[in-house]
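**Q** The structure under discussion is supplied below as structure tokens; questions concerning it will follow.
The values are calculated or read from the model by the stated rules, or taken from the named source; none is laboratory data. For clarity, every value in this text was computed on a predicted model and none was experimentally measured. Quick reminder, even Gly has a Cβ in these numbers, built from the backbone with ideal geometry, and neighbours come from all protein chains shown. The protein model used for the area step is the full one, side chains on, heavy atoms only, and it has no ligands, DNA or RNA in it. Shrake-Rupley method; radii C 1.70, N 1.55, O 1.52, S 1.80 Å.
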Amino acid sequence: MEIHVSTVIFAMVNFLVLLFILKKFLYGPVCDILDKRKAEVENNLNQAEDAKVEAQKLKDDYASQIQNAKNEAQDIINRATQIGEQTKNEIVNEAREEATKLTAKASQEIAREKTQALNEIRGEVANLAVLAAEKIVGKSIDVKDHENMVNNFVKEVGEAK
């Protein structure tokens with residue numbers, strides 16, 4: 001096997017021409033495509049990072065809103081509890097006042113009934129005393145004497161009490 005210089009030079013020239021053609025028509029466009037793809041990937045990564053930051057911000061905002069809603073709900077519950085307690089106290093106080101009024105009214109009614117009963121008993125006792133006195137004395141007592149005796153008897157019964 002012989003190596004010819006002209007074949008080697010021809011092969012080198014062909015290789016260099018092929019290398020130049022590949023660099024001009026293949027390497028440049030492939031590098032451009034790779035650069036564009038790299039830029040697109042970087043852009044997508046940046047957009048994904050921005051979306052992640054935005055999502056975290058929204059998550060924090062929603063968490064804050066949820067906490068505010070919980071706080072408002074607790075405030076509403078507390079106010080409702082206070083209002084319920086106040087209403088309960090008002091109802092209890094009104095019931096006590098009503099019971100006190102009813103007790104006072106009942107006491108007044110009892111005192112009035114007692115006074116009325118005592119007056120009726122005094123009148124009956126006075127009439128019985130007059131009847132007994134008439135029988136003992138044996139004569140009728142006129143109205144004036146009867147009233148004097150009743151009044152004297154009532155005074156004596158009242159003083160004896």
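**Q** Among all residue pairs at least 6 apart or on different chains, which show Cβ distances below 7 Å where the first residue, located in region 111-132, is of a type in the set (V, I, T) and the second is open to solvent by less than 50 Å² (accessible area, probe 1.4 Å)?
**A** Close Cβ pairs (under 7 Å, with a partner that is open to solvent by less than 50 Å² (accessible area, probe 1.4 Å)) amount to V130/I141; V130/V150.
**Q** Could you identify the single residue in L45, L22 that is among the hydrophobic types (A, V, I, L, M, F, W, C) and open to solvent by 100 Å² or more (accessible area, probe 1.4 Å)?
**A** Details: L22 fails: open to solvent by 100 Å² or more (accessible area, probe 1.4 Å).
Exactly one residue qualifies, and that residue is L45.
**Q** May I pose another question? Only one of V30, V13, V8 is modelled with pLDDT of 95 or more and either surrounded by 10 or more Cβ atoms within 10 Å (Cβ to Cβ) or touching a Leu at 6+ places or on another chain (Cβ under 7 Å) (or both). Can you tell me which?
**A** V13
**Q** Tell me which of these Q82 doesn't satisfy, since it passes every other one: (1) closer than 30 Å to V154 by Cα; (2) of a type in the set (S, T, N, Q); (3) open to solvent by 100 Å² or more (accessible area, probe 1.4 Å).
**A** All conditions are met except number (1).
**Q** State which residue is nearest to M149 (Cα to Cα) when the search covers only region 90-137 and only residues that are of a type in the set (K, R) and either touching a His at 6+ places or on another chain (Cβ under 6 Å) or open to solvent by 90 Å² or more (accessible area, probe 1.4 Å) (or both).
**A** Per the criteria, the residue is K135.
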